[in-house]
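Colleague: Can you read through this structure? Questions will come right after.
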Amino acid sequence: MDCIFCKIIAGQIPSDVVYKDDKVIAFRDISPMAPVHLLIVPRQHIVSLNDVAEAQVTLVGHIVHVAKLLAKQQGIAEKGYRVVINCGRDGGQAVQHLHVHLLGGRELVNGLG
Ligand code: 5GP
Ligand code: ZN
């Protein structure tokens, strides 16, 4: 499958991995929008939030929980951070493998676009 995040998960494309478990991995965004910009990605190829089945809700909860843990690990929990899921064309989703952005380390003033 020609999916860049599946290739990162398989180790076929290098990335700066900061966390991994049996369900997800997290790595630094190649084009960071903030001093801390991580992507938390399920190992399973799910195209977008639109494609999350009810049975996968626990997985999405786990991803958000990992975002919280990583915010603490990266030292941005106290000052605050933003967790974002882009979905589809109008949502600005460029990579068609579900992922959660964790952004922080500066004041994010530009609202929700
Ligand atoms: P989206 O716009 O789909 O929500 O976000 C995709 C993100 O993936 C972008 O912020 C982009 O910089 C990042 N990205 C795209 N290709 C790569 C890559 O090969 N490696 C890493 N680490 N990040 C990538
Ligand atoms: Zn994929």
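The values are calculated or read from the model by the stated rules, or taken from the named source; none is laboratory data. As the structure is a computational prediction, the values presented were derived from the model and not from experiment. Cβ placement follows ideal geometry from the backbone for every residue including glycine, while neighbour counts extend to all protein chains displayed. Surface accessibility is based on the protein's heavy atoms, side chains included, excluding ligands, DNA and RNA. Shrake-Rupley method; radii C 1.70, N 1.55, O 1.52, S 1.80 Å.
Colleague: Given the criterion small (Gly, Ala, Ser) and in contact (Cβ under 8 Å) with a residue 12 or more places away in the chain, identify the matching residue among Ala94, Ala77, Ala34, Ala10.
Modeller: Going through Ala94, Ala77, Ala34, Ala10 in turn, the sole match is Ala34.
Colleague: From the list Asn110, Asn50, which residue is part of a loop (DSSP other than H, G, I, E, B) and among the polar types (S, T, N, Q)?
Modeller: Just a single option satisfies the conditions, and that option is Asn110.
Colleague: Failed condition for Cys3, given (1) free of Cβ contacts under 8 Å to residues at least 60 places away in the same chain; (2) open to solvent by less than 50 Å² (accessible area, probe 1.4 Å); (3) within 15 Å of Val95 (Cα to Cα), with all others met?
Modeller: (1)
Colleague: For the range 82-107, what are the residues that are touching a helix residue (DSSP H, G or I) at 6+ places or on another chain (Cβ under 8 Å), closer than 13 Å to Met33 by Cβ and either open to solvent by 90 Å² or more (accessible area, probe 1.4 Å) or in a loop (DSSP other than H, G, I, E, B) (or both)?
Modeller: Scanning the range 82-107 gives no hits.
Colleague: Any idea which residue in the range 37-57 is nearest to the chain's Cα centre (by Cα), counting only those that are surrounded by 12 or more Cβ atoms within 10 Å (Cβ to Cβ) and free of Cβ contacts under 8 Å to residues at least 40 places away in the same chain?
Modeller: Checked the range 37-57; the qualifying residue nearest to the chain's Cα centre (by Cα) is Arg43.
Colleague: Could you figure out which of (1) more than 14 Å from ligand 2 (Cβ to nearest atom); (2) at positive phi isn't true of Ala55?
Modeller: (2)
Colleague: So which residues in the range 13-31 are closer than 30 Å to Glu107 by Cβ and either more than 9 Å from ligand 1 (Cβ to nearest atom) or touching a residue at least 40 places away in the same chain (Cβ under 8 Å) (or both), if there are any at all?
Modeller: Val17, Val18, Tyr19, Lys20, Val24, Ile25, Ala26, Asp29
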